[in-house]
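What follows is a short report on a single structure.
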């Protein structure tokens, strides 16, 4: 599954308002629920917090990849959030988070969920990917950058 099939423009929020992890989870999941017209906020927040309780998904260099599984949804969904100010996330490196890739999937999609996490890790090893996303002006620009890097990745083979 391509990242551009998961992180759709309508699920991308630049200029997050929240300054702490829980507020950002609420903000991003609220947008998801508005776009999908699904009343699954509590299910998603619970899944994210359960995963976060095991170990912070704030990985390093200003990046977090919160993820969780819930039977309340029927497919794999991704949301992107950008914070220019930085979020107090309790990241593993102790630094504020500026870029969040949130992934939610039903338990039956565990393999796809893992595949997306692996693809994200590969892309995030490229410092210019992070820089390009942080400098994007809006959701459409973020989406175009994801597609651009995927195209390069496919061409490399």
Note to self: Give me the mean projected area, in nm² to one decimal, of the convex hull enclosing the Cα positions of the stretch 89-157.
What the structure shows: 5.9 nm²
Notebook entry, point to check: So in the chain, what percent of DSSP beta bridges are antiparallel if you round to the nearest 5?
Noted result: 55 percent
Checklist line | Neighbour-count order for 73, 104, 134, fewest beta carbons within 10 angstrom listed first | finding: 134, 73, 104
Notebook entry, point to check: Could you put 28, 1 in order, starting from the residue whose Cβ has the fewest other Cβ atoms within 10 Å?
Noted result: 1, 28
Margin query: Helix-only estimate, please: 222 nm mean residue ellipticity of the chain, summing -39500 (n - 2.57) across DSSP H runs of length 4 or more and dividing by its residues, to the nearest 500.
Written below: -15000 deg cm²/dmol
Next item on the list: Starting from the Cα gyration tensor of the chain, multiply each eigenvalue by 5, take the square root, and state the resulting semi-axes largest first in whole Å.
Entry: 21, 19, 15
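Coordinate-derived values only; no laboratory data. Note that the structure is predicted; figures quoted are calculated from it, not measured. For neighbour counting, all protein chains shown are included, and Cβ atoms are generated from backbone atoms with ideal geometry for every residue, glycine included.
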